[in-house]
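The values are calculated or read from the model by the stated rules, or taken from the named source; none is laboratory data. These numbers were taken from a predicted model, which means no experiment stands behind them. No Cβ is skipped: glycine too gets one built from the backbone with ideal geometry, and neighbour counts run over all protein chains shown. The accessibility values were calculated without ligands, DNA or RNA, using every heavy atom of the protein model including side chains. Shrake-Rupley method; radii C 1.70, N 1.55, O 1.52, S 1.80 Å.
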Amino acid sequence: MTDSRPLYPAPADGARWRVLYEGSGFSMAETHPDEGAAYTTARAAAERAATGKQVSFVSRTGPALKTVLGLSILHWSDEVGDWRHHAWSWTDNAPSPDALTPLPADFWN
C-alpha cells in the first residue's frame, strides 16, 4: 500500500502563497493569505526594484530592506507537498513581458 500523504505538511499558518525575494547573497520568502495579495505585492516590488530602489518585505526572520534582483510567486501544492512556482519569475537583468503572470494551467503536468 502506498502512502498518499504529502512529503511535507501544509504550512502551519495556513498561508499558501509566498513571494520569494532573491538578491546577492540572500533568498527570503514572505507569506501571503491569498493569490491576489501575493501578485499585488510581487508586482509592486518588481516595479520598485526595476528603478534600482531597495524593496522592503517581512520574512520569517523579520523586516528587511534589500536590493532585489529576482522575484517569484510560489503556491503550496498539497499534491507534491512542497512549494511550486505559480508565475513566471521576474529578474532585473532580463525582465520578460510574461514576468509575474501565471504559468499555464497544465505547466506542472
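If you go through region 45-82 and keep only what is closer than 24 Å to Pro104 by Cβ and open to solvent by 50 Å² or more (accessible area, probe 1.4 Å), you end up with His75, Asp78, Glu79, Val80, Asp82. Out of Ala29, Ala64, Ala45, Ala12, report the one residue that is part of a loop (DSSP other than H, G, I, E, B) and small (Gly, Ala, Ser). Within the list Ala29, Ala64, Ala45, Ala12, the selection yields Ala12. Restricting region 93-107 to residues that are in contact (Cβ under 8 Å) with a residue 40 or more places away in the chain and touching a strand residue (DSSP E or B) at 6+ places or on another chain (Cβ under 7 Å) leaves a set whose member that is surrounded by the most Cβ atoms within 10 Å (Cβ to Cβ) is Leu100. Taken over region 73-84, the criterion of being at negative phi and at pLDDT below 95 is satisfied by Leu74, His75, Trp76, Ser77, Asp78, Glu79, Val80, Asp82, Trp83, Arg84. Among residues of region 31-46 that are of a type in the set (Ser, Thr, Tyr), those with a beta-carbon under 6 Å from a residue that is in a strand (DSSP E or B) and open to solvent by 40 Å² or more (accessible area, probe 1.4 Å) at least six positions away or on a different chain give the pairs Thr31/Arg18. Against the definition (among the charged types (D, E, K, R) and either without any contact (Cβ under 8 Å) to a residue 12 or more places away in the chain or closer than 21 Å to Asp98 by Cβ (or both)), how does Lys53 come out, yes or no? The answer is yes for Lys53.
Within the set Gly36, Gly14, the sole residue that is modelled with pLDDT of 95 or more, closer than 28 Å to Asn109 by Cβ and open to solvent by 30 Å² or more (accessible area, probe 1.4 Å) turns out to be Gly36. Among the residues of region 17-32, are any farther than 17 Å from Asp82 by Cβ, surrounded by 14 or more Cβ atoms within 10 Å (Cβ to Cβ) and basic (Lys, Arg)? No, the conditions are met nowhere in region 17-32.
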